[in-house]
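Okay, so here's the structure we're looking at.
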Amino acid sequence: MKYLDIKSLLLAALSGIMLTLTFPEYNLEVLAWVAWIPLFFAMENETPQRAALLGFVTGMVFYNWGLNWINNTLINYGNLHWILSYAVLGLLSAYLSLILALFCYLLRRVSGENRNHFFIFAPVLWTALEYLRSTHSEYGFSWLGLGYSQFQNLPVIQIAEWTGVYGISWLIIMVNSGLYLSWKCWRDQHQDPFEVKTGWRILSVTLFIFSLWLVYGTIFWKETLASTSNRPHMKMGLIQGNVEQFMKWNPIYQNKVIKKYKDLTLKAAEENPSLIIWPETATPFYFEEDEDQTESLRNLAREIKIPILFGSPHRKNKDNEKIHFNSAYLVSGSGETLSRYDKMHLVPFGEFVPFRNILFFIEKLVVMIGDFGRGTEATVMDAAGNKAGVSICYELIFPDLIRQAVKNGANFLVNITNDAWFGKSAASYQHMSMGALRAVENRVPLVRAANTGISGTIEATGKLRDETDLFVEDFRITLIAPATEKKTFYSLNGDVFSWACLFATCIGAFWWRKM
């Protein structure tokens, strides 16, 4: 087998670079609509095996650059040597790149040189593969999912209430495929004049679907804006303590940390919000276990007469073993504990070590003993006359998990997080951007309180506002319009679109390979 030529490798790498630039903090989202075209040209006339290698090259450039914030986390907070840190990033990038390599392999093997098969198969294949790697399982990872690149393109993302974020991924690959095939047909017209008609037909279908998508998105964007403006609004106070990691569980700084949150809360309370929200693990103690500090927090709620929703660890004994949980509590304005949510989807390397026998050299980043326990229910909290669906940190990136709370009755979403692990990197912006799709998928507003930022509000249209800067002590008073209308198709039924793409992938692969 001959080596891949330098031109093909450069084209594959170019696709990886362009894909990275579409995401925060670069936000050149327009590149997503053409980013795959260099890779598609590189794959021309190649065997499926060589196409897979080119896809792997694209993936390694894309994921190593787009996820390079992982090094900051592992080196600064995991105390991992930089060589091992880059090895871990390389392993993760290689795993994700294998998905892209499989996409290129199957696309070449199934569609071959058939333009129509390529145009139909590429979007459903990519959607199916992206869904499989992102699903709600212990090792699911939807970070840098293609659809998230368009979080600022509000007309494009409105369809997510039907398809979830994966519908946006389908559209991006469809447009890339259509533009590539049209270009290819016009380039090859001297070999076959009929190619011009094929090119125009594919381009026409591409532009028609894209235009229809934009028209739908624009109409429902405006309708959602109109309906939310007429709803009763709820005033929220979002607290950003900006507590450095080394301070959080050091007893020397406990009083300082508590004072930070108390002072910010008293300032926010002057605006008379209906609910005040602190970030993930905001309390440097175990709520309901440390009696003095617990009572102090209850007294704060009584003093301001406003409910406080906050993150705190808790632990319980099971079979003579203490199990830790990363939890969110809601305390009423009279100081009573109203509800608790235990985090369901844990962070690999943060709250448990996956493949511990193999990755024995990696310790957990969170200073706790043992791995965390997992919650079992998408708890809905009664908050100031409305119902809050709470997620903690990493859970925000899993659409099927978030929708469960809305299906259970939540009419607004709360995400509490501690993104200090990311440092001043693109990760915090990437994390916040995923919330835009959660809001649109469920047509509910989402508020986010982050220890070091970004805190802020996301409207039901996906628009971000009232955002804080990174690594500043701050608070935000924001208004939201909790949902009153019926639940969306996605909230009720989940990833039907993705399952349809998975089914279409299987049928297409079987049928066209038989032809």
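What the table below lists for this structure:
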| read-out | value |
| --- | --- |
| Percent of beta bridges antiparallel (DSSP, the chain, rounded to nearest 5) | 65 percent |
| Whichever lysines have a C-alpha closer than 23 Å to that of Lys486, once near sequence neighbours (fewer than 8 apart) are set aside | Lys222, Lys235, Lys387, Lys407, Lys463 |
| Cα centre as origin, Lys/Arg/Asp/Glu Cβ charges: region 232-483 dipole, Debye | 360 debye |
| Helix-only mean residue ellipticity at 222 nm for the chain, each DSSP H run of n ≥ 4 adding -39500 (n - 2.57), per residue, nearest 500 | -16000 deg cm²/dmol |
| Percent of beta bridges antiparallel (DSSP, region 232-483, rounded to nearest 5) | 65 percent |
| Region 232-483 - Rg over Rh from alpha carbon coordinates, Kirkwood radius | 0.94 |
| Loop sites in region 436-493: GluC sites (Glu not before Pro), DSSP, at most 11 other Cβ within 10 Å | none |
| Rounded to whole Hz, the Karplus (6.51, -1.76, 1.60) HN-Hα couplings of region 253-261, x for glycine and proline | 9, 4, 5, 5, 5, 4, 5, 3, 5 |
| GluC sites (Glu not before Pro) within region 1-98: DSSP coil, no more than 13 neighbouring Cβ in 10 Å | Glu25, Glu44 |
| Crossing angle, helix 426-442 versus the chain [Cα axis fit, 0-90 degrees, rounded to tens] | 90 degrees |
| GluC sites (Glu not before Pro) lying in DSSP loop within region 56-160, provided at most 16 other Cβ fall within 10 Å | Glu113, Glu138 |
| Enclosed volume per residue, in Å³, of the convex hull spanned by Cα atoms of the chain | 150 Å³ |
| Selection from Ala268, Val347, Leu413, by position along the positive dipole direction of region 232-483 (Cβ) | Leu413 |
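Coordinate-derived values only; no laboratory data. Values in this document were obtained by computation on a predicted structure and should not be read as measured data. Every residue, glycine as well, gets a Cβ built from its backbone with ideal geometry; the counts of neighbours run over all protein chains shown.
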